[in-house]
Amino acid sequence: MNMAYIDWKYPQPREGLAGEFDKFIGPGATRAELFLQFVCASGAAFAMLFYGLLNDFGWTTLQVAIATLFAFDLMGGVVTNATSTAKRWYHREGQGFGRHMLFTAVHIVHLAVIAWFFRGGDWLWFVVLYGYLLLAAVIVLRAPLYLQRPVALVCFVGVLLVNQYVFSLTPGLEWFIPIFFLKLLVSHLLREEPYHPGSISQP
């Protein structure tokens, strides 16, 4: 029998540095959630490091480091923002439209760094994709709750098409736009049920 328990209660963040970490990923993360976050983020970072070093992209040491850091951040972000712990925290009372737009907007840094360091100052690419990100975030957040998931996925498919057919792909970072938008539009923005660890999956 499928026993799914939805639990919106979260513990208060701990004191000190541990509390800052709690505020970043959500307080009360389970060992399994922490394991997934660490393994996926670290695995992506190591894969990007070796990929960047073993292929002739003409990258500097700084570019390899940036690509490795972004791989860690984005893959970790996809997993972290999709956890039940993060859903409880980032979609708690008081976390409304403005907070979610701010979280999305500060990721301007990622796009600017890619445009500058890896695309030779391709600011048209930057403006179009950042504008798309903000517009898509507004559309998702303003959609009725029961439609937000399909709307987010439509917006995600849209940016994949823009990335593939409107602009040239960034050599060595062809993965960047899909994972970047997956983290923000799908993993973070969607208010989904935070299941209790005691829930039993359907056979």
(message) Pull out all pairs, ordered by first then second residue, where Cβ-Cβ is under 9 Å, the residues are six or more apart or on different chains, the first lies in segment 108-125 and is within 15 Å of PRO171 (Cα to Cα), and the second is charged (D, E, K, R) and open to solvent by less than 70 Å² (accessible area, probe 1.4 Å).
(response) ILE114/ASP122; ALA115/ASP122; TRP116/ASP122; TRP125/ARG119
(message) Against the condition open to solvent by 40 Å² or more (accessible area, probe 1.4 Å), under 22 Å from THR80 (Cα atoms) and in contact (Cβ under 8 Å) with a residue 24 or more places away in the chain, how does TYR195 come out, does it pass?
(response) yes
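Taking only segment 170-192 into account, find how many residues are of a type in the set (A, V, I, L, M), open to solvent by less than 10 Å² (accessible area, probe 1.4 Å) and closer than 14 Å to ARG149 by Cβ. Show your work before the answer.
Within segment 170-192, the first condition is being of a type in the set (A, V, I, L, M), and the residues that meet it are 173, 177, 179, 182, 184-186, 189-190.
Filter once more, so that each one left must be open to solvent by less than 10 Å² (accessible area, probe 1.4 Å): 173, 177, 184-185, 189-190.
Remaining after also requiring closer than 14 Å to ARG149 by Cβ: 185, 189-190.
Summing the residues that are of a type in the set (A, V, I, L, M), open to solvent by less than 10 Å² (accessible area, probe 1.4 Å) and closer than 14 Å to ARG149 by Cβ in segment 170-192 gives 3.
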(message) Looking at GLN164 and the list (1) polar (S, T, N, Q); (2) in contact with a strand residue (DSSP E or B) (Cβ under 9 Å, 6 or more places away or on another chain); (3) open to solvent by 40 Å² or more (accessible area, probe 1.4 Å), which single condition is not satisfied?
(response) (2)
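Look through ILE66, ILE114, ILE139 and report the one residue that is under 26 Å from VAL39 (Cα atoms), more than 15 Å from the chain's Cα centre (by Cα) and open to solvent by 20 Å² or more (accessible area, probe 1.4 Å).
Values: ILE114 fails: open to solvent by 20 Å² or more (accessible area, probe 1.4 Å); ILE139 fails: under 26 Å from VAL39 (Cα atoms).
Answer to the check: ILE66.
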(request) Output yes when any residue across segment 77-91 is without any contact (Cβ under 8 Å) to a residue 40 or more places away in the chain and at negative phi, and no when none is. (result) no
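When only residues in segment 55-96 that are β-branched (Val, Ile, Thr) and part of a helix (DSSP H, G or I) count, which is nearest to PRO178 (Cα to Cα)?
Within segment 55-96, the subset β-branched (Val, Ile, Thr) is 60-61, 64, 66, 68, 78-80, 83, 85.
Narrowing the set further to residues that are part of a helix (DSSP H, G or I) leaves 61, 64, 66, 68, 78-80, 85.
Values: THR61: 24, VAL64: 19, ILE66: 17, THR68: 16, VAL78: 11, VAL79: 14, THR80: 17, THR85: 24 Å.
Ranking the qualifying residues of segment 55-96, first place goes to VAL78.
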(message) Restricting to segment 101-125, name every residue that is over 30 Å from THR61 (Cβ atoms) and in contact with a Phe, Trp or Tyr (Cβ under 8 Å, 6 or more places away or on another chain).
(response) PHE103
(request) Scan segment 8-43 for residues that are assigned to a helix (DSSP H, G or I), farther than 18 Å from VAL79 by Cβ and of a type outside the set (A, V, I, L, M, F, W, C) and jot them down. (result) GLY16, GLY19, GLU20
(message) Against the condition on the phi > 0 side of the Ramachandran plot and either among the hydroxyl-bearing types (Ser, Thr, Tyr) or open to solvent by 30 Å² or more (accessible area, probe 1.4 Å) (or both), how does GLY96 come out, does it pass?
(response) no
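For (1) over 27 Å from LEU54 (Cβ atoms); (2) assigned to a helix (DSSP H, G or I), each residue gets a yes or a no:
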position: THR104; (1), (2): yes, yes
position: ARG119; (1), (2): no, no
position: LEU133; (1), (2): yes, yes
position: PHE156; (1), (2): yes, yes
position: LEU160; (1), (2): no, yes
position: SER168; (1), (2): no, no
position: PRO171; (1), (2): no, no
position: LEU182; (1), (2): no, yes
position: SER187; (1), (2): yes, yes
(request) State all residues of segment 43-56 that are in contact (Cβ under 8 Å) with a residue 60 or more places away in the chain and open to solvent by 60 Å² or more (accessible area, probe 1.4 Å); if no residue qualifies, say none. (result) TYR51, ASN55
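The values are calculated or read from the model by the stated rules, or taken from the named source; none is laboratory data. Quick caveat, the model's predicted, so the values are computed rather than measured. Note: ideal-geometry Cβ built from the backbone for every residue, glycine included; neighbour counts use all protein chains shown. In case anyone asks, the SASA skips ligands and DNA or RNA and just uses the protein heavy atoms, side chains included. Shrake-Rupley method; radii C 1.70, N 1.55, O 1.52, S 1.80 Å.
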